[in-house]
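See below for the structure under consideration.
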């Protein structure tokens with residue numbers, strides 16, 4: 001799969017500001033630069049996509065979730081066809097040889113959390129926008145692609161309206 005076409009509905013809603021070069025970042029912190037190709041059939045990840053797929057051993061049947069977390073930056077999560085879970089290599093953090101500090105959670109302060117006294121009414125649908133085929137994870141535009149034999153050798157299409 002030398003290219004990947006992004007879903008056209010997602011592109012129609014969220015893809016208007018995608019730059020020519022985007023960044024795909026795995027949960028372990030490793031990132032790859034890919035170029036966007038915009039043609040009549042939609043938007044495609046092209047140059048750099050093959051390296052991303054090979055370096056991460058993305059295979060037929062894997063499910064990929066792409067979350068646009070910043071302009072041109074996608075957080076990518078992969079779920080194995082067999083287990084439905086991310087492969088261990090995708091979530092193990094990459095060691096930065098230049099980093100001198102090690103960060104760890106401060107679990108002693110977790111009991112210090114105090115909830116807010118105010119409640120927010122979320123039943124108001126006045127600002128609701130129909131977005132049926134585009135996922136929205138934590139406020140970030142997201143789409144999911146299942147790799148099949150037919151799209152392993154083609155492109156990822158970004159929806160035209162994006």
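Rule-based calculations on the coordinates, nothing more; no lab input. Computed from a predicted model, the values in this text were never measured in an experiment. In this analysis, Cβ positions are derived from the backbone assuming ideal geometry, glycine residues included, and neighbour counts consider all displayed protein chains.
The table below gives the values:
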| quantity | calculated |
| --- | --- |
| Segment 1-95: relative contact order in percent, alpha carbon pairs under 8 Å with at least 6 residues between | 30 percent |
| 73, 65 arranged by Cβ crowding within 10 Å, fewest neighbours leading | 73, 65 |
| Beta bridges by DSSP in segment 1-86, antiparallel share as percent, to the nearest 5 | 85 percent |
